[in-house]
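The values are calculated or read from the model by the stated rules, or taken from the named source; none is laboratory data. Owing to the predicted nature of the structure, the values given are computational and were not obtained by experimental measurement. So basically every Cβ, Gly included, is an ideal-geometry build from the backbone, and we count neighbours across all protein chains shown.
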Amino acid sequence: MEVREGEAPQPWTYKKVGRTLEKDDAVQQSGEATPVLMVLTSDKGWPYTMNAPHGAGNDLCVNCEVEREWRIVKRDLTKWFSSHGKKKPSPLPRVLIGTPGIGKSMNAGSYLLYRLLHYDAEKLQVVVHCFGSTMYVFDKTTRTVKKYMGEIISESVLDGLWQRGMKGYIIYDVAKKGTPPDTGFAPSTGWGMIVVSSPKVSNYDEWEKQLKASRVIMNCPDEKEVKAMCAWMKRGLDKDEQAEYWKMVEKHMEKVGPIPRHIFDEKIYKDRLGAVDGAFLAIKPTDFGKNFTLGGEEKWYSEDPCHKLVKIVRARTEEGAEVFLNASISADIGFRIADRLAKKMATKDLLLLILRSRGALVSRALEKLGLRVFMRGEFFSALLKELNELRSSERHEAQYSVLKVNHQGHPTRTAGLKELQGGVTRIPMEYGVLYLPAVQNFPLVDGFFFVNSPRRTLVGLQMTTASAHHTTTSTVWQLVEHLAKYFKGWKKLSRDMSWEIVYIKHAFRKNIKKWQRCDYVNPRNKNEDEKEIVAFWDGKVHQYQFVLTTDFVNKI
């Protein structure tokens, strides 16, 4: 990754979605790559910094999610000042909610403070930053800051500023123990306020209801952003040392999720890993479905061991308001949860759980849980009646799936496939085994198994929420390369092997109705290897579609 000094004029572009904003990935400035991370440096440090013991103590690391929060607040201020107080006596009150471990780590409150301090002082004279009962008042007219302790004193100070005709904005960071703001904390007019909190409902619900505040949901950082943080923190080391550090952090993320508080230090990571394992064992099997597929805030009303296993994901209501859903915090946790669910729940209950998944979690529930039901005989028998062929325009005759001919061809057990990075030991290919890649972004399929009759066939399972799932020659080739590295004698085994791809859809998503193409990476430059892959796809790959509906489940 490349580090450049200076501030990009507009590091990310956002577009209006629903009632707030989302990053516009379609727009890039002057054709250059979009920045992954911004770093602001202060010799005196920041109210909360990402990871002080590890080289970022005076640095404020800002990703597109943190910048998004500011853009939303800035838009609120613009609307307020443009109305001159006639329509809106104060900016819209906000609640910023993020997964525990990312809010302060990702500096959301500190960055808002920085931006508000640089906002037009003639319009906004005061910025207040509260940490529970401790309040810091930044007077931009006198360029001074004062500290106050206790909520009663703080409210009195704010009232005094309001009586003097000063306008301000309050950032209220709910302390770890949970000290929600009083509903009358901010002056009634002329002041904006945002509460920064974890999803724990008691931290903000009363204030949110009384002030009719709107939510802003902050997603966790992604892998590229965490890698950029590592590159910045270890920028003084040589490339090998940087690579070794990133390798360690990447391993930590796989187990405990992309939570900055827990992944940059080995000791802190081990403590968190122990807590995650303890939480996993403490949860009753019957509670897994409620916690990990239904989503929402109902599980955040009290302390719950599952909080260590989930992250919140931004979604939207039909009216465009932001809400959050729960998702497993890492791929590893997701697989462990899915395995435990599959072992403890009846087929019908498992399928109903998938159908109840909503919004951003639909595809994840399908991927994690939907694969396991292929081991259930009753599901498999019902599936065969609902399997529809997706035929290319060049094929005129129907091709029955090998699964319809060989009713005993479904898998009866699972086997995980590890990340290829670092090397793996090749294993014998087995029939009747559902192979589940324990890695994200596995090429082409989410899982697969092999059938030996009436013809040797690889059956790939693709759990999808999209209405189309075309692929490319490079993706197909990646899958072939992966299979060759996982299985002994793959070259010989695959010589006369056909493929079947089964696209499994959620009932509330658009169906795949047409043959899914394999396109050239560059149609203007077709090489012989690509032509061979396209010929294989068109000649030896058969596609089928299955839609999971309530009617289907009720037949089981």
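At-a-glance table
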quantity: Exclusive hit being of a type in the set (A, V, I, L, M) and at pLDDT below 95, set Met193, Met166, Met248, Met229; calculated: Met229
quantity: Filter pass, Gln421 being part of a loop (DSSP other than H, G, I, E, B) and within 21 Å of Leu369 (Cα to Cα); calculated: no
quantity: Qualifying residues in segment 157-170 (those that are surrounded by 15 or more Cβ atoms within 10 Å (Cβ to Cβ) and of a type outside the set (A, V, I, L, M)) - the one nearest to the chain's Cα centre (by Cα); calculated: Tyr169
quantity: Options Asp173, Asp205, Asp238, Asp182; residue that is among the acidic types (Asp, Glu) and buried (at least 23 other Cβ atoms within 10 Å of the Cβ); calculated: Asp173
quantity: The listed residue being over 25 Å from Tyr119 (Cβ atoms) and either crowded, with 21+ Cβ neighbours inside 10 Å or free of Cβ contacts under 8 Å to residues at least 12 places away in the same chain (or both), out of Ser133, Ser154, Ser198; calculated: Ser198
quantity: Residue check, Ser393 at negative phi, part of a helix (DSSP H, G or I), of a type in the set (S, T, N, Q) and in the same structural domain as Gly539 (by TED's automatic domain parsing); calculated: no
quantity: Residue that is modelled with the lowest pLDDT, among those in segment 505-556 that are part of a loop (DSSP other than H, G, I, E, B) and among the aromatic types (Phe, Trp, Tyr); calculated: Phe508
quantity: In segment 535-555, the residues that are surrounded by 14 or more Cβ atoms within 10 Å (Cβ to Cβ) and under 33 Å from the mean Cα position of the chain (by Cα); calculated: Trp537, Val541, His542, Gln543, Tyr544, Gln545, Phe546, Val547, Leu548, Thr549, Phe552, Val553
quantity: Residue in segment 163-183 that is over 17 Å from Arg75 (Cα atoms), in contact with a Pro (Cβ under 7 Å, 6 or more places away or on another chain) and outside the structural domain of Ile259 (by TED's automatic domain parsing) present; calculated: yes
quantity: Hey, Trp499 touching a residue at least 24 places away in the same chain (Cβ under 8 Å) and surrounded by fewer than 19 Cβ atoms within 10 Å (Cβ to Cβ) or not; calculated: no
quantity: Qualifying residue in segment 175-196 (condition: under 20 Å from Ile153 (Cβ atoms), in a loop (DSSP other than H, G, I, E, B) and of a type in the set (Val, Ile, Thr)); calculated: yes
quantity: Single residue of Phe374, Phe380 found to be surrounded by 20 or more Cβ atoms within 10 Å (Cβ to Cβ) and either part of a helix (DSSP H, G or I) or touching a Phe, Trp or Tyr at 6+ places or on another chain (Cβ under 6 Å) (or both); calculated: Phe374
quantity: In segment 214-230, residue farthest from Val36 (Cα to Cα) [restricted to those that are surrounded by fewer than 18 Cβ atoms within 10 Å (Cβ to Cβ) and not basic (Lys, Arg)]; calculated: Ser214
quantity: Residue in segment 263-283 that is at pLDDT below 80 and part of a helix (DSSP H, G or I) present; calculated: yes
quantity: All strands (runs of 3 or more DSSP E) inside segment 66-171 with 3 or more residues being farther than 30 Å from Val323 by Cβ; calculated: 134-139, 144-149
quantity: Hits in segment 140-179 - residues which are in contact with a Leu (Cβ under 7 Å, 6 or more places away or on another chain) and within 28 Å of Arg261 (Cα to Cα); calculated: Tyr169, Ile171
quantity: Scan of segment 406-423 for residues that are in contact with a Lys or Arg (Cβ under 9 Å, 6 or more places away or on another chain) and either surrounded by 13 or more Cβ atoms within 10 Å (Cβ to Cβ) or hydroxyl-bearing (Ser, Thr, Tyr) (or both), ordered by number; calculated: His410, Thr414, Leu420
quantity: Among the candidates Gly190, Gly236, residue that is more than 26 Å from Met38 (Cα to Cα) and over 27 Å from the mean Cα position of the chain (by Cα); calculated: Gly190
quantity: Segment 383-405 - residue that is free of Cβ contacts under 8 Å to residues at least 12 places away in the same chain and charged (D, E, K, R) and, of those, surrounded by the fewest Cβ atoms within 10 Å (Cβ to Cβ); calculated: Glu397
quantity: Residues located in segment 223-256, provided they are within 19 Å of Leu60 (Cβ to Cβ) and not small (Gly, Ala, Ser); calculated: Lys224, Glu225, Val226, Lys227, Met229, Cys230, Trp232, Met233, Lys234, Arg235
quantity: Residue list for segment 318-334, restricted to those being surrounded by fewer than 19 Cβ atoms within 10 Å (Cβ to Cβ) and at pLDDT below 85; calculated: Glu318, Asp332
quantity: Residue pairs meeting the criteria (Cβ under 9 Å; at least 6 apart or on separate chains; first under 17 Å from Ser198 (Cα atoms), in segment 253-264; second among the aromatic types (Phe, Trp, Tyr)); calculated: His262/Tyr269
quantity: Candidate set: segment 426-466, residues that are closer than 15 Å to Leu369 by Cα and among the small types (Gly, Ala, Ser); chosen: the one nearest to the chain's Cα centre (by Cα); calculated: Ala438
